[in-house]
Every structure is written in C-alpha cells, then in structure tokens.
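The numbers here are math on the coordinates, done by the rules we state, and not lab data. Worth saying up front: this structure is predicted, and the values here are computed from it rather than measured. Neighbour counts run over all protein chains shown; Cβ positions are idealised from the backbone, glycine included.
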C-alpha cells in the first residue's frame, strides 16, 4: 500500500486529486494539508511514502518544503503538482529529486499514469536486488508507450490494459488471474481476458502450476525477450 499526503492550499483541488487517487488500486490518502506546516505534521504523525506537493503554499514554497520533508524522512518521494511554469521554479523542483512534475489543471489520465508508474517502480526497487536498464527507463519515463497507443479489441479497455501491463512488469514470480483481479479490483474472468489478450500479442506467457490439491492453475509471466 502506498501512503499519500496531498499538500495543496486549495481544498477543492485537493479533493479532485483525492478523487483521482480512488481510481488507482493500492493507494491510501493519509491526509490533506493546506499549509507547509500541516504537511510536515502529517509526515511526522503518519507513515508516508509519497507527497503530492504544490509549489505555492501559504507559508512556504513547495521547493523549500522538500528539504524539510526529507529531513524528517529521506525516503519520502515527491510529485510536484503546480500551476507554476516559471523556468527557475521548475528547474529547482527537478534538481531537488522529485519523481515527476505535473502542471495544473491536471488531466486524470496524466495523473493516474504517473501514480501507476510510481507504484510500479517503487515495487521494483524493493523487490529487485539489482537495478537494470528497463527499471531505470521506466523510472525516468522512457518506457515504451507504443502498445497502449495501439487500438485494442472490443472488451479491452486501454487504461485497464496499461494497469495490468504495469503490474506484470513488477511481478517476477508470475501471477494468477485471480491475483490480478484482486490487484485491479475486477473479477478473475475479467483479469483472465486481459492476460490472455497479452498472450495473443506476445507480451505474456502462461504455465500450469500444480498445487498440492485441486486443479492446476495458469500462472502468467512476462515473455522472456532474451530467449
């Protein structure tokens, strides 16, 4: 579970971002802060993985707040969400090590894609003993977008498909249709339809896994491109 703080001085905008987060599985909003000091208090009082941060907070700039956030916990990540487009502000934010910068007004697809990418890369960093180029490409936004831009057949929603593709990239030991359904908040039948589609386009393979009792179950893994 990714624990998120929304630091935004406009409560209406904060509410919109919170609503966007409900479209992403595995994410929990632990609090919303209208000021920089409130943001720091939430971070002290709660487990926080990610802060969605505006630059123009009433009591301090978000660019200044980042250093104070990391003084409390250096492992907290930041996604800047701001109307600020001044070159100096944007450069300062990027150099502070933010994960991404989204300019307001925020489009939901752009927002959810960033959160999904954050989830995937965070999980990969935790699970992989060594970092490879594909993980870094994904982290820095160089992952291949061509698959999701292609037309998909009837019954295959592009956003759901992309979500499943991202989950598969973070799954080293494979996943069953039932497990995938739980992660995306859908039925096993729906998850299997998407996984079988990915088999048809050569991205995923399936093998039968035999348990101690019961019928064998199909377990899906990414296709090995090196073989």
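Quick notes
- Label separation (residue 22 vs residue 107): 2.3 nm, computed from points 7 Å beyond Cα along the C-beta direction.
- Available extension along the chain between residue 200 and residue 187 is 2.7 nm, counting 0.36 nm per residue and deducting the alpha carbon span.
- Most mobile of 174, 75, 155 in a GNM of the chain (Cα contacts under 10 Å): 155
- Percent antiparallel among DSSP beta bridges (both partners in region 1-78, rounded to 5): 10 percent
- Compared with the dominant principal axis of the Cα atoms in the chain, helix 11-21 is inclined by about 20°.
- Prolate/oblate/rounded label for region 20-132 (Cα gyration tensor, a/c 1.5): rounded
- Stretchable slack from residue 83 to residue 215, in nm (0.36 nm times residue separation minus alpha-carbon distance): 42.0 nm
- Bridge type composition, the chain - antiparallel percent by DSSP, nearest 5: 35 percent
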